[in-house]
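Please read the structure below before turning to the comments.
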């Protein structure tokens, strides 16, 4: 691991390359994930072969990342209720910077950089007020990631946020679940949940649009998001109602239309165990992967038709990242890393390991 | 030491069947239902009916004896609930039953606000038979009942006042609790769809297809029950020291039932574990003694903490005892997760365990 990293850094220094060029030179894209290794928590940059390129120690368990590939930066967020985030350079050229949570706020684990690199926004819980916000951070040179404000997300429990292809509109999954860090992740409002997708103007926080599922799905917490090639937002949900209820968990939304839900075959739906832990699109944006560590399956969907394309079984498998057209890298809480996709038997990259656990999200830079 | 920031979501705890080192008993569902769940929900339904009757009689006749009967019946009902609350799956999570019975923790003070508003309005429509069931869950359950009995207006302390509406509201809440508990009893019964699937898992079932899936449910109930007891009920109350304790964060502090209920809950978990009749290979036999031993020790420490929970700020000894109970509960949960679960062939995944 250390040798890889040293070699990588030496290569970078020798070539004097900007990170983006470096990525191309390395010949394969870089990936990010949070993990537990032994008793340590880390954020990791790795390549498609599962080799560590950079290891950033974390004070507690991490979750997902805000990515700024153009400038070779990322921010790793603590897992909900997270009271820290770590900003770092992908090439490890500068020491990581810790971002503490603002007073009465904690991170939910997701965030985005804006394309100009001047702002980073993170989903946060204003827990004394009991509503969701996007913390706005100054990501410009010399900005030190100072928190300069916050936007309302128009709902409770904002989880994943993505930036739409227009580069200026954010889509936020308001999971709808009220939590308070004194009680960890305990759901405090199951009877009155109202999850939503919110579209927010990234420049001024204006709530442009707020979309809810039909009333019978009010306990279907919308949590994870990915973008298809056509700009549609794909979302994955977690049902907080009884196990015997089996609402569809995967959906698609296009601005100005009603959200559509896709159930897939009954047995596939049952296999999710009412839980989707991560959503990703393949590099072409035509195949959507949705994972359930609870059910131990990753299910693929045709982004155009919403047709279920098949599944890969992987115990505690959760992190999914684009690899190639119709191909994904998938990792698991059991330490495994596989290449997989519809109509492809999972191909092992890293074997299971008792001392290594990958967290929910696996991101391609 | 006692601080914890992680909560295992009851709804999303993840248990996948893994390599089997020991199989669950072939009749596990039947054992858990007959040996624990059915009697526990039946007791709750009976106690709640008694509470409704005691309240109706006292509201009509008044008197010290009547008040004592209400106090007793309320306490008995909360203890019966303590034996049911960790069965937070199946019928208890259907139709918001859990929240309708006990809306707690209530970090935003919803119950208090809504009960005061209702009492001020004295809206007779809310008290029509069955009407509460369609009101906010915060108005429907035992915390609301405790509030009117012990706090505002504090019916049991000030029986002389003109509290006819509050008394009728209290009776209506008890009736609602009895109604919801009756639904639980029905759902768990051999005639209930849930009770049937839980006791006879089969390939064609929608819910449980094998004893392995029943075992996963049982492990999850124990694990989350222990976590709830410690992380939600104890830790926020205790804080980092006796001086920092926050007794009003305790469940049912107004009636002084916090610690008796917590002890009853742990005893319930012990009985639920016993009902499973788990058998271990010789090299794992210690697990059985360890689970029982930790649950017994925790229950004993809680029972023997005689001081009511409000006194933990002033009583360093009581605080220490409760901190000790928290440590034992943590240890019990670790044994359940790390030893008991795999011994039943249940694997709790890193991501599945702690949904996000």
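For the reader, a short list of remarks on this structure follows.
- Prolate/oblate/rounded call for segment B:31-98, Cα gyration tensor, a/c under 1.5 rounded: prolate
- With contacts taken as Cα pairs under 8 Å and at least 6 residues apart, chain A reaches a relative contact order of 11 percent.
- Stokes-Einstein D for segment A:192-321, Kirkwood Rh over Cα pairs, 25 °C, 0.890 mPa s (µm²/s): 165
- Residue with peak Gaussian network fluctuation, chain B [Cα springs, cutoff 10 Å], from B:200, B:84, B:309: B:200
- Compactness of the protein assembly as shown as Cα Rg over 2.2 N^0.38 Å, two decimals: 0.98
- A viscosity of 1.567 mPa s and a temperature of 4 °C, combined with the Kirkwood radius over Cα pairs in Stokes-Einstein, give a translational diffusion coefficient for segment B:133-175 of 125 µm²/s.
- Legend: mean number of C-beta atoms from other chains within 10 angstrom of residue C-beta atoms, peptide A:312-321, equals 3.
- Geometric extent, Cα atoms of segment A:190-262 - Rg, Dmax (angstrom): 12.9, 43
- Note on chain B: with a GNM built from Cα contacts shorter than 10 Å, the maximum mean-square fluctuation among B:230, B:135, B:196 falls on B:135.
- Relative contact order %, segment A:265-332, counting alpha carbon pairs below 8 Å whose residues are six or more apart: 30
- Reciprocal mean inverse distance between Cα atoms of segment B:281-356 - Kirkwood radius, Å: 14.2
- Fraction of alpha-carbon pairs over 25 Å apart in segment B:228-356 - percent: 32
- Using the Cβ-Cβ distance between residue B:164 and residue A:313 with R0 = 56 Å, the FRET efficiency computed as 1/(1 + (r/R0)^6) comes to roughly 0.35.
- Max mean-square fluctuation residue, GNM over chain A, Cα-Cα springs under 10 Å, options A:39, A:353, A:203: A:39
- Over segment B:136-252, equivalent-ellipsoid semi-axes from the Cα gyration tensor in Å: 37, 25, 7
- Packing-based ranking of B:59-71, A:332-344 yields A:332-344, B:59-71, ordered from highest to lowest mean Cβ neighbour count within 10 Å.
- Neighbouring partner chain Cβ atoms per residue of A:172-183, average, 10 Å criterion: 3
- Residue order for A:90, B:232, fewest other beta carbons within 10 angstrom first, comes to B:232, A:90.
- Normalised alpha carbon radius of gyration of segment B:59-138 [divisor 2.2 N^0.38 Å]: 1.30
- Sorting B:267-277, A:95-105 by their mean Cβ neighbour count within 10 Å, with the most densely packed peptide first, gives B:267-277, A:95-105.
- Over chain A, DSSP H runs of length four or greater, each weighted -39,500 (n - 2.57), average out per residue to a 222 nm ellipticity of -2000 deg cm²/dmol.
- Relative intensity, log₁₀ I(q)/I(0), of segment A:153-192 from a Debye sum that treats every alpha carbon as a point, q = 0.32 Å⁻¹: -1.05
- Per-residue extension of 0.36 nm, minus the Cα-Cα distance of residue B:285 and residue B:116, leaves a gain of 55.5 nm for this segment.
- Order of A:291, A:28, B:189 - criterion: other Cβ atoms within 10 Å of each residue's Cβ, fewest first: A:28, B:189, A:291
- Average Cα contact separation per residue, segment B:175-315, under 8 Å, 6 or more apart, as relative contact order %: 21
- Å³ per residue enclosed by the Cα convex hull of chain A: 127
- Taking all pairs of distinct alpha-carbon atoms in chain B, Kirkwood radius in angstrom: 21.1
Laboratory data are not the source of any read-out in this text; all were calculated from the coordinates shown. All values reported here derive from a predicted model rather than from experimental measurement. Glycine also receives a Cβ, built like all others from the backbone with ideal geometry; neighbour counts cover every protein chain displayed.
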